[in-house]
Amino acid sequence: MPANTEERDLGTFDLVVVGGGAAGLWAALCAAEEGGSVCLVSRKPLAESASFHAQGGLAASLEQADSPDQHFEDTMKAGRNLCRASAVRVLVDEGPGIVDDLIRRGMNFDREADGSLSLALEGGHEYRRIIHSGGSQTGREITSALAQMVAAMDRIEVLEETSAVALVSDGERCHGVITEDGTIRSPATLMASGGAAALWRRTSNPWGAIGAGPVLASAAGAELADLEFCQFHPTCLSVPGTALDGALITEAVRGEGAALIDVEGRRFTDELAPRDDVTAAILAQVEKQGGRGVRLDLTAIDANRFPSVFELLQAAGFDGTQEPIPISPGAHYMMGGIAVDLDGKTSIEGLYAAGECACTGLHGANRLASNSLTECFVFGRRAATAGLREEARPMPELPDWRFDPPQPPTREAVWQYAGPQRDAAGLAHLSDDPYLLARAIGNAALNREESRGGHRRTDFPETDPGLDFTHLIYRPDGEIALRRWD
């Protein structure tokens, strides 16, 4: 890359969106429909985002017996007394309208024989409220449809296969994005760059999910929050040493009757408990069995309902219709990220965030299954609309700092020391890791001296009520602050 490539002026827009997943595509579309000019920057082609690979669905209270209030209660319960109640209220109230909007736009969701929406049940939900598209191919269907809508909008310019390497910031305000191909000027920048679960060696995520968004935001002067909370999905395929180790087996199959069994073939836990409980039960059972693994029995499931799951198992050498499948937890979703308010605004002017790279406090210490896709739409729209209200300011000099991705030793260290079970001695090893987010995760996890949701300390196994609804804020200088959000 020529030395002056980043200095090229790629134009000025009302909003620049970083990330081509569900949150980024939706935010770009909403902003353009409001009359804004948008530049969408995507590291990969739009058909290869993490959202594209998502098997989960979209949660909203759609059943007659269900209600936003019940959805609120389920989310708060799953979040282990850490959810930001105001963010949960926004999600559950606006979720059903988002579904209606997507249907009006022509989105095809799975339906029953009578034409009604097919509603699935997942862990932590009292009612069936998860809608899918194409069974376990929801991410593929939704992002493909959104990508087509974005491509049809004249107000959106898409830069695919282009990485953001820094934000143009003076520490107080963000003025745009520096990419590998040049600089984009904008009074509002919206980070929708996805999660960080691939920072752990064993993960269900594509390898690009390394938390670049929080690193870019922190380097620009923004605060991060809840970094100690990573959700470890209980049922990831266990085939060590192969490319499919850690591949996700969607929770929806457990909602339809798949059972977790021990070495004797007996069920040992409630498969539909919140994910942190199921993960803990699996780890305890493996220890009880002297290190021997557990399995997921899908033999009672109709393979036609989840074709991609059974195709995945076949590719790994298993016949899911005939035999139980070896599974173990893997890093799946970051509850923490760039700290934002209910309109996606960060601690510095002109910078917004939505989707998994953001932290509204919605998920608390443990994300309720399928709330994240709803979050992309609800808060992606809010952030895009708020961003359009920003006014242009004089552009500062370009910063010298550039993003440098983590190396394999960092991924190994994060898995070893900040995995499903942590302690102070291990977390201290992350304090001098070269990757900013690894250091920040270690620092946050070290400072939360309790076990709660996705954060399990073997040296502090109990939950501290004094930390209820208290969030750990990671400041740009590396210091930790405690904060309660309304």
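Per-residue answers, yes or no, for (1) outside any loop (DSSP other than H, G, I, E, B); (2) exposed (fewer than 12 other Cβ atoms within 10 Å of the Cβ); (3) in the same structural domain as R381 (by TED's automatic domain parsing):
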| site | (1), (2), (3) |
| --- | --- |
| N81 | no, no, yes |
| V88 | yes, no, yes |
| G95 | yes, no, yes |
| I98 | yes, no, yes |
| D101 | yes, no, yes |
| G106 | no, yes, yes |
| D114 | no, yes, yes |
Task: L167 being assigned to a strand (DSSP E or B), in contact with a Cys (Cβ under 6 Å, 6 or more places away or on another chain) and hydrophobic (A, V, I, L, M, F, W, C) - done: yes
Task: Residues of the range 340-387 satisfying the condition of being touching a Phe, Trp or Tyr at 6+ places or on another chain (Cβ under 7 Å), part of a loop (DSSP other than H, G, I, E, B) and within 21 Å of K77 (Cα to Cα) - done: T360, G361, A365, R367
- [ ] Could you grab me the full set of residues in the range 272-301 that are of a type in the set (A, V, I, L, M, F, W, C) and either at pLDDT 90 or above or not in a loop (DSSP other than H, G, I, E, B) (or both)?
- [x] V278, A280, A281, I282, L283, A284, V286, V294, L296, L298, A300, I301
Task: Selected residue [at pLDDT 95 or above, surrounded by fewer than 19 Cβ atoms within 10 Å (Cβ to Cβ) and of a type outside the set (D, E)] from P326, P307 - done: P326
TODO: Go through the range 179-192 and count every residue that is buried (at least 24 other Cβ atoms within 10 Å of the Cβ) and over 16 Å from R393 (Cα atoms).
DONE: 3
Open item on the list: Looking only at the range 142-162, how many residues end up being in a helix (DSSP H, G or I), free of Cβ contacts under 8 Å to residues at least 40 places away in the same chain and farther than 20 Å from L58 by Cα?
Closed with: 1
- [ ] Identify, by number, the condition in (1) farther than 17 Å from A247 by Cα; (2) of a type in the set (V, I, T); (3) at pLDDT below 95 that T360 doesn't meet.
- [x] (3)
Task: Test set (1) more than 21 Å from the chain's Cα centre (by Cα); (2) more than 16 Å from V17 (Cβ to Cβ); (3) surrounded by fewer than 22 Cβ atoms within 10 Å (Cβ to Cβ) - S169 fails condition number - done: (3)
- [ ] Scan the range 318-348 for residues that are small (G, A, S) and without any contact (Cβ under 8 Å) to a residue 40 or more places away in the chain and report the count.
- [x] 1
Task: Meets criteria (out of contact with any helix residue (DSSP H, G or I) (no Cβ under 6 Å at 6 or more places or on another chain), among the polar types (S, T, N, Q) and not in a helix (DSSP H, G or I)) for T269 - done: no
- [ ] Report the residue count in the range 310-323 for those that are surrounded by 19 or more Cβ atoms within 10 Å (Cβ to Cβ) and either in the same structural domain as N81 (by TED's automatic domain parsing) or part of a loop (DSSP other than H, G, I, E, B) (or both).
- [x] 2
Open item on the list: Just to be sure before I move on: is R439 without any contact (Cβ under 8 Å) to a residue 40 or more places away in the chain, outside the structural domain of G221 (by TED's automatic domain parsing) and among the basic types (K, R) in the structure I sent?
Closed with: yes
- [ ] Tell me which residues, restricted to the range 204-238, are surrounded by fewer than 24 Cβ atoms within 10 Å (Cβ to Cβ) and charged (D, E, K, R).
- [x] E223
TODO: Return the residue satisfying two criteria in turn: it lies in the range 250-280 and is farther than 17 Å from R367 by Cα and aliphatic (A, V, I, L, M), and of such residues it is surrounded by the fewest Cβ atoms within 10 Å (Cβ to Cβ).
DONE: V263
TODO: Please work out which one of (1) crowded, with 24+ Cβ neighbours inside 10 Å; (2) within 21 Å of the chain's Cα centre (by Cα) is the condition V38 fails and give its number.
DONE: (2)
Task: Flag if S118 is free of Cβ contacts under 8 Å to residues at least 40 places away in the same chain, in the same structural domain as L58 (by TED's automatic domain parsing) and within 30 Å of H71 (Cα to Cα) - done: yes
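The values are calculated or read from the model by the stated rules, or taken from the named source; none is laboratory data. Please read all numbers here as calculations on a predicted model, not as lab measurements. Neighbour counts are summed over all protein chains in view; Cβ atoms, including those assigned to glycine, are modelled from backbone coordinates with ideal geometry.
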